[in-house]
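Asker: My questions all concern the structure below.
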Amino acid sequence: MPDKATHRMDKYASSKHSRLLGKYVLLFILLIAITGSILGSVYLHNIQHSVNRSYSSTGLHSEGKVSHLIESKKPISFLVLGTDIGTDGGFGTNRNRVGLTDSMMIVTINPQQKITTLISIPRDIMTSISGFENTFPQKLNAAYAFREASDKNSSLGDGVGTAISTLQKMFNFPINYYAMVNMSGLGDVVDQLGGISVNSPLTFAFSQETAHATGKDLYQFYKGSTEFKYAADGESFSTYSKMNGQAALAFSRMRYQDPNGDYGRTERQRILLNAIIKKIKSNPTKILNIKFINTTTKNIASDLSAKDIIALGSNYMSASKNIVSYTVQGEGEMYD
């Protein structure tokens with residue numbers, strides 16, 4: 001098993017594929033619940049259909065015992081996973097489910113203390129994957145893929161169950177639910193909101209084509225500024241102050257130029273989350289439509305039922321007033 005004191009991480013060169021901002025799932029859950037309660041019973045059936053379409057069970061024994069926690073307003077926790085795996089019509093429809101979960105976060109919602117805690121989990125933590133201990137050492141982000149690749153009959157939830165079991169053994173921390181998000185989900189939501197503005201914590205360039213500072217589809221962000229530049233050809237730049245979905249994805253993906261590496265990337269992801277929340281608070285009517293619900297749920301898979309989500313909206317909304325975030329720290333090490 002990995003060193004319990006430091007949870008060592010091996011260094012590796014990331015592929016050019018995009019990484020997902022996974023933690024905004026909590027926001028989706030609460031928004032769906034709010035929309036259902038405001039629009040009323042006329043739309044409730046449509047909302048339930050959208051949510052149930054994204055449902056996938058983990059098969060874990062503990063899964064069926066947690067609904068009472070929501071009903072009694074107890075603290076609950078989610079594993080939020082972001083992935084690049086492709087979709088065709090949404091999760092569960094003609095999809096390639098064997099992929100790495102490169103964004104991982106534990107979200108704890110405590111309505112009693114009115115606080116939500118976001119804990120970013122580095123993808124490269126060295127670990128022993130539950131059920132595949134003979135392959136040690138592995139990186140944590142491979143736990144989902146190991147189950148999916150080993151059994152062609154496994155469900156999406158089965159792969160997540162392996163990731164949950166691995167994390168619970170590592171941290172001795174109960175995980176009640178999960179939510180997995182496909183890459184395009186973030187861009188879709190930002191576009192539905194009409195764009196967002198954020199102050200960049202550092203100056204950097206990022207090409208959607210190369211995942212580096214040069215290439216076509218190039219963005220240039222500036223420290224302390226909401227303005228950024230974009231050039232489709234990589235040379236002819238125009239200046240903007242509001243990010244659309246693609247700009248938000250570029251802002252959240254960059255890792256190579258950040259002096260804090262993956263820690264810096266997760267910080268920018270949290271900045272985006274706060275900007276999305278701020279935008280919604282300024283004009284809640286943006287989300288009061290079935291189109292918004294369908295846009296978000298098609299990019300999400302979860303073991304939350306529609307009933308649980310509606311209960312979350314009424315019992316846990318107070319916890320969204322205070323959001324704190326942390327990142328699990330480790331020591332980098334090259335292994336073998």
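The values are calculated or read from the model by the stated rules, or taken from the named source; none is laboratory data. Note that the structure is predicted; figures quoted are calculated from it, not measured. So basically every Cβ, Gly included, is an ideal-geometry build from the backbone, and we count neighbours across all protein chains shown. Surface accessibility is based on the protein's heavy atoms, side chains included, excluding ligands, DNA and RNA. Shrake-Rupley method; radii C 1.70, N 1.55, O 1.52, S 1.80 Å.
Asker: If you count only protein heavy atoms and use a 1.4 Å probe, how large is the accessible surface of Thr226, to the nearest 10 Å²?
Answerer: 50
Asker: Right, another one. Please grab the % of Cα pairs in the range 183-306 that end up more than 24 Å from each other.
Answerer: In whole percent, the share of Cα-Cα pairs in the range 183-306 beyond 24 Å is 29.
Asker: On a 1.4 Å probe surface of the protein chains, which of Met126, Met180 comes out largest in accessible area, and what is the full order?
Answerer: So, going from the largest accessible area down, we get Met126, Met180.
Asker: Sorted from largest to smallest, which semi-axis lengths in Å does the alpha carbon gyration tensor of the range 193-242 give for its equivalent ellipsoid, taking the root of 5 times each eigenvalue? Each step should come with its number before you reach the end.
Answerer: Numbers: eigenvalues 65, 31, 18 Å².
Three semi-axes, in Å: 18, 12, 10.
Asker: Of all the Cα-Cα pairs you can form in the range 90-246, what percent are over 18 Å apart? Kindly include the intermediate steps, with their values, before the conclusion.
Answerer: Working: 8528 of 12246 pairs.
So the portion of pairs separated by more than 18 Å is 70 percent.
Asker: Going by average Cβ neighbours within 10 Å, how do the peptides 104-117, 131-144 rank, with the highest at the top?
Answerer: Packing proxy ranking, top to bottom: 104-117, 131-144.
Asker: What accessible area, in Å² to the nearest ten, does a 1.4 Å probe give for His68?
Answerer: Around 100 Å² of this residue is reachable by solvent.
Asker: Sticking with this structure for a sec: Which ³J(HN,Hα) values, rounded to whole Hz and listed in residue order, are derived for the range 130-135 from phi using the Karplus coefficients 6.51, -1.76 and 1.60 in 6.51 cos²θ - 1.76 cosθ + 1.60 with θ = phi - 60°, glycine and proline given as x?
Answerer: For the range 130-135, the Karplus-derived couplings read 4, x, 10, 4, 5, 9 Hz, x marking Gly and Pro.
Asker: Alpha carbon centre of the range 263-331 versus the range 112-181: separation in Å?
Answerer: 20
Asker: If the limit is 19 Å between Cα atoms, which of Lys74/Lys114; Lys242/Lys281; Lys73/Lys307; Lys74/Lys169 go over it?
Answerer: Over 19 Å Cα-Cα: Lys74/Lys169.
Asker: While we're here: Rg to Rh ratio, the range 143-224, alpha-carbon atoms and Kirkwood radius?
Answerer: A ratio of 1.13.
Asker: May I pose another question? What fraction of the Cα pairs in the range 237-336, stated in percent, has a spacing above 22 angstrom?
Answerer: Tail of P(r) above 22 Å: 51 percent of Cα pairs.
Asker: Largest first, what is the accessible-area ranking of Ser103, Ser225 with a 1.4 Å probe?
Answerer: Working: Ser103 10, Ser225 35 Å².
Accessible-area ranking of Ser103, Ser225, largest first: Ser225, Ser103.
Asker: Just how much of Glu331 is accessible, in Å², when a 1.4 Å probe is used and the result is rounded to the nearest 10?
Answerer: 110
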